[in-house]
Every structure is written in C-alpha cells, then in structure tokens.
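Derivation of every value follows stated rules applied to the coordinates shown; laboratory data play no part. All values reported here derive from a predicted model rather than from experimental measurement. Counting neighbours? That spans all protein chains shown, and the Cβs are built from the backbone with ideal geometry, glycine included.
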Amino acid sequence: MALVQALYQWQLNPSSCQELAEQFHADPERLQAADIAFFDRIWAALCGQVDALDPAIIEAISDRRWEDEVNEIERAILRLAAFELHSAPDTPYRVVINEAIELDKAFGADQGHRFINGVLDQLARRWRAVELSPHSAEK
C-alpha cells in the first residue's frame with residue numbers, strides 16, 4: 001500500500017524519487033506496516049522505469065485516455081502492477097493482477113477493478129507469455 005501511496009503523491013506533487021522516499025521515512029505512520037527495505041528497493045527501481053512503463057500501459061487502454069480519464073489511484077495501481085509484471089518475474093502474474101484488483105476495490109472508483117484487470121491482463125500476455133503458455137506448468 002505504501003508504494004501506491006507514494007506513486008499517488010508523486011503524481012499529484014512531482015518531486016525527485018529520493019525526496020519523496022525521504023518524506024515517507026520522516027513520517028513513521030506512512031511506513032508503519034510496510035517492509036521498509038522492500039519499499040526502498042522497489043521504489044528506487046520503479047521510479048526509474050515509470051517513463052518506460054507508461055507507453056505500454058497506455059497502449060493496453062482502449063476505452064479511455066490516460067491523461068484525463070484514468071483517475072490518479074488507478075494510475076498509481078497500474079504503474080505499480082505494470083512494474084511488477086515487467087520487472088518482478090518471481091511474483092506470479094496472477095498474484096500481481098489480484099493484488100492490483102483488490103487495491104482498486106478498496107481505494108479506486110466503482111467498478112474500476114474491471115478496468116485494472118483488463119489492462120493488466122493485456123500486459124501479462126505481452127510480458128509473461130511464457131508463464132501464460134499451457135506448457136509452462138510442465139516446465
């Protein structure tokens with residue numbers, strides 16, 4: 001959750017990734033339930049990839065415009081999940097998608113989880129094709 005909150009804040013008030021991480025560390029409540037080492041590692045890697053991930057996310061969206069029709073919570077959830085699908089192959093794609101859906105159900109727009117599911121399913125087919133293959137269970 002802390003990573004989604006960090007992305008959300010960064011989207012609304014752009015600052016350097018390091019500066020935002022320092023803000024989170026300065027406020028103990030923000031990282032209270034988080035694995036701080038995990039937050040730091042993922043945040044540093046994610047910040048460096050947002051510009052590369054956004055075009056893939058945008059390409060997977062067919063029914064709305066990224067800049068003015070995707071709300072900030074959904075944008076943050078999509079960015080985090082896209083990063084995980086692309087750069088964290090140890091986490092099964094179904095886990096990534098399920099976590100994103102649950103986050104959106106809790107914090108996103110009504111029925112936004114369906115949109116999240118559709119976009120992430122397309123990205124999974126693109127980046128996790130081997131994992132989606134019917135023969136992957138045999139390997």
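Worth a mention:
- Extended-chain gain in nm, criterion 0.36 nm per residue less alpha-carbon gap, residue 65 and residue 51: 3.4 nm
- Legend: ranking of residues 38, 24 from fewest to most surrounding C-beta atoms inside 10 Å; resulting order 38, 24.
- With Cα atoms, 0 to 90° folded angle of helix 36-60 axis to the chain main axis: 50
- Principal-axis tilt of helix 72-87 within the chain, Cα atoms, nearest 10 degrees: 60
- Formal net charge of residues neighbouring residue 68 (Cβ-Cβ distance under 15 Å; K, R +1; D, E -1): -3
- Counting beta carbons within 10 Å around each of 8, 93 and listing the fewest first gives the order 8, 93.
- This ranking places 35, 40, 51 by how few other beta-carbon atoms lie within 10 Å of each, fewest first, which gives 51, 35, 40.
- The label-point distance for residue 107 and residue 132, in a model that sets each label 7 Å from Cα toward Cβ, rounds to 2.6 nm.
- Loop-located GluC sites (Glu not before Pro) in segment 1-103 whose Cβ has at most 15 other Cβ within 10 Å (DSSP): 29
- From its DSSP helices (H runs of at least four residues, each -39,500 (n - 2.57)), the chain gives a residue-normalised ellipticity at 222 nm of -23000 deg cm²/dmol.
- Normalising the average separation of contacting C-alpha pairs (under 8 angstrom, six or more residues apart) by the number of residues puts the relative contact order of the chain at 23 percent.
- Cα long-axis angle, helix 93-107 against the chain (0 to 90 degrees, to the nearest 10): 50
- Gained length - residue 11 relative to residue 87, 0.36 nm times residue gap less alpha-carbon distance: 25.3 nm
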